[in-house]
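Novice: Handing you a structure now.
The values are calculated or read from the model by the stated rules, or taken from the named source; none is laboratory data. A quick note: this is a predicted structure, and the numbers were derived from the prediction, not measured. Cβ placement follows ideal geometry from the backbone for every residue including glycine, while neighbour counts extend to all protein chains displayed. Ligands, DNA and RNA are excluded from the accessible area calculation, which covers all protein heavy atoms including side chains. Shrake-Rupley method; radii C 1.70, N 1.55, O 1.52, S 1.80 Å.
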Amino acid sequence: MSAAPLEEASARLATLWEARGLSPDALLQRGDGTLVASGRDALAESQTLFADASSEAQALALSPEPIELGRLLGKGGMGEVREADQQSLRRAVAVKTVLDSNDDGSVSALLKEAWVGGALEHPHIVPVHALARAGNSPAMLMKRIEGESWAERLDAHGCDPSDLEGHLRIFMKVCQAIAFAHSRGVLHLDLKPDNVMLGAYGEVYVVDWGLACGLPGRSPEWLHETTDILGVAGTPGYIAPELVAVDTAHIDERTDVYLLGGILHFLVTGTEPHEGESLMLQLSAALMSLPHRYDETVPAELVAILHRALDAKTSGRFENVEALRAAVETFLDRRAVDRLIGQARRTLVHIAGLEAASDALVEPRFLECEFAAVYARQQWPQSDEIDALEDAIAAARFDRAIARRRPDEAAAALTRMRQPSTRQRDALTALQREVADRAKHLAQLEQMSRELDITLGQVDRRRMFLALGFVWAVTNVLFGALTRTDIFPIGYPELLTEGVLLVATFIPIGYLRRDTLFFNRANRRLYGGLIATAVAVELFWLSAFVSDLPVDHALALTPLLYTYCFSALAITLDKRLWWGTACLAVAAVLTGLFPEWAYELIGVGGFAAVVATSRAWAARK
């Protein structure tokens, strides 16, 4: 900050002080640099405690137990803290005493701190056990804290971004303690890292309530109120503008909000909010409280919290400490959400490289990303970053579905995108068309396969073939017996009649069992092929009859015709017909060798062909 604004602020501050009857020369500064304001003296209400050593009030108020002070634990501008043993309870305690027992201001501050600590029982406020006498001045017995001040820890380790979250959680515990004090009508008015003690096991305690004031009409009767403040009070590096101006009308809960904002500023920058080459310049900077410009590495949400907490006007700050704490908690929750979003985005990048991986490997990673998005949405309902993450997850699922040729999954992913691109819509349309064409082609192939599946309907077909084969065999054996005994020689008329009857039998049987025998194209072709064979033989016999070819010669050639027809069906429809073809071929050879047994060989050969084919069909059922 340039010197000119500070000089103007100093002049304005001097004018304000002059109007309130204050002088820069009257500023009271303790050895630790804290400014103390004169106000209603706490000793005014407690003088009976020390005026008469035998008074009943002293006996009631002061612990009569002798306290033996031990080593020095810490020392401030007005007092010191030593360790001690409280024999009655067998415990180690800390004892705070004033450095100068004749300094009424120091004694008053100690008493007030003891009374405030005794009145505020909270996990993050140091418990005060008792007031005792140390020589001619009071001594405050309190819990001994094994640890260090927050300022010491920050000086030793700093607060880099990796530590910020842990320090912010300490900050929220401090806020809880101050919010509790406010609920009891008590303001701290000197909040800074030096006045926060950190235990070795995570304990957090707000200490040094020496500048505490009461809220008008809400505080204990023994605690002077903000309207009683008569001078500048607070630590110059953190002090609120209304404390600098001694504007008692505006000193309230939001004053502690400002001081907490100063601690938050220190956590982020490592420096106090108000800097200056002199005390007056520091106080002038505090009076102005111009918005700080933070480094770009500081998250925007945290900058907004800082600017609001450190607003020069109380009306511009958080309305109370709980609102400030809630804002920081929300920031931390969103910080965790940001980490979750970042991890999910890294997982999506990894998924992009697993295009050839199985679903068992990829799907858990998708679920991990989607769970992160759901959790983040619960924590942060309105967020552009979560919107973008959800779109990225949907896009990744879309790309994988497209690559895996899954149009339904791709369409579902597309519906989850807020603004799908034209490229994505076109890719889905092309895939849907491709899959539809492929499905149509597969359906055609399945229909074709079904039409050519000779195994369908084979049970009924076997039964019909065996029945007809048996009739065929019996008929031909009977014809042979009649011919050989000259009882009734069989000629062409009888053979033609047998053929006609055979075809006439095939047709009604086929009609009655059309649901199975005509189930598909293969069955229809087989059935038609058998009828065509019977018709072909019938035509052969008719030709032989017209040509006056001897019957025995025609019979010798008939098995060859059957063999040819069966082999044609075996080649075009079902290779299992080769078993029947082989039987007919054997019958043809034997008929040529033994023509006198032609009828019997034709009948038995035909039946053997039917049985062989039926067994082959049964084996492939």
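Novice: Tell me, which helices (runs of 4 or more DSSP H) lie completely within segment 47-154 with 3 or more residues that are at pLDDT 85 or above, of a type outside the set (S, T, Y) and open to solvent by 30 Å² or more (accessible area, probe 1.4 Å)?
Specialist: 104-119
Novice: Tell me whether segment 323-345 contains one or more residues that are under 28 Å from V36 (Cα atoms) and either touching a Cys at 6+ places or on another chain (Cβ under 7 Å) or at pLDDT below 95 (or both).
Specialist: There is at least one residue in segment 323-345 that is under 28 Å from V36 (Cα atoms) and either touching a Cys at 6+ places or on another chain (Cβ under 7 Å) or at pLDDT below 95 (or both).
Novice: Restricting attention to segment 215-232, report how many residues are open to solvent by less than 10 Å² (accessible area, probe 1.4 Å) and touching an Asp or Glu at 6+ places or on another chain (Cβ under 8 Å).
Specialist: Qualifying residue count, segment 215-232: 2.
Novice: Could you give every pair whose Cβ atoms fall below 7 Å, whose first residue belongs to segment 582-598 and is assigned to a helix (DSSP H, G or I), and whose second residue is polar (S, T, N, Q) and buried (at least 18 other Cβ atoms within 10 Å of the Cβ), counting only separations of at least 6 or pairs across chains?
Specialist: L584/T563; A585/T563; A588/T563; A598/T591
Novice: Considering only segment 175-187, I want to know if a residue exists there that is open to solvent by 40 Å² or more (accessible area, probe 1.4 Å), under 18 Å from I305 (Cβ atoms) and in a helix (DSSP H, G or I).
Specialist: Yes, some residue in segment 175-187 is open to solvent by 40 Å² or more (accessible area, probe 1.4 Å), under 18 Å from I305 (Cβ atoms) and in a helix (DSSP H, G or I).
Novice: Could you list, in sequence order, the residues of segment 293-312 that are out of contact with any helix residue (DSSP H, G or I) (no Cβ under 6 Å at 6 or more places or on another chain), open to solvent by less than 60 Å² (accessible area, probe 1.4 Å) and part of a loop (DSSP other than H, G, I, E, B)?
Specialist: Hits for segment 293-312 are P299, D311.
Novice: Something else now. Name the residues in segment 370-424 that are farther than 24 Å from T330 by Cβ, in a loop (DSSP other than H, G, I, E, B) and open to solvent by 30 Å² or more (accessible area, probe 1.4 Å), would you?
Specialist: Result: R404, R405, R406, R416, R418, Q419, S421.
Novice: Something else about it: Given (1) assigned to a helix (DSSP H, G or I); (2) open to solvent by 90 Å² or more (accessible area, probe 1.4 Å); (3) touching a residue at least 24 places away in the same chain (Cβ under 8 Å); (4) not small (G, A, S), where does L431 come up short, assuming only one miss?
Specialist: Result: L431 fails condition (2) only.
Novice: OK, next. List the pairs whose first member sits in segment 99-124 and is closer than 16 Å to L223 by Cα, whose second member is in a helix (DSSP H, G or I) and of a type in the set (G, A, S), and whose Cβ atoms are under 7 Å apart, counting only residues at least 6 apart or on separate chains?
Specialist: L111/S46; L120/A181
Novice: Something else about it: Can you name the condition, by its number, that L191 falls short on among (1) modelled with pLDDT of 90 or more; (2) open to solvent by 20 Å² or more (accessible area, probe 1.4 Å); (3) not in a helix (DSSP H, G or I)?
Specialist: Unmet condition: (2).
Novice: How many residues are buried (at least 24 other Cβ atoms within 10 Å of the Cβ) and assigned to a loop (DSSP other than H, G, I, E, B) if we restrict to segment 234-273?
Specialist: 7
Novice: For segment 1-22, which residues satisfy the criterion of being in a loop (DSSP other than H, G, I, E, B), surrounded by fewer than 11 Cβ atoms within 10 Å (Cβ to Cβ) and at pLDDT 75 or above?
Specialist: Of everything in segment 1-22, just one residue is in a loop (DSSP other than H, G, I, E, B), surrounded by fewer than 11 Cβ atoms within 10 Å (Cβ to Cβ) and at pLDDT 75 or above, namely G21.
Novice: Taking segment 543-559 as the region of interest, how many residues are in a helix (DSSP H, G or I), open to solvent by less than 70 Å² (accessible area, probe 1.4 Å) and among the hydrophobic types (A, V, I, L, M, F, W, C)?
Specialist: Result for segment 543-559: 5.
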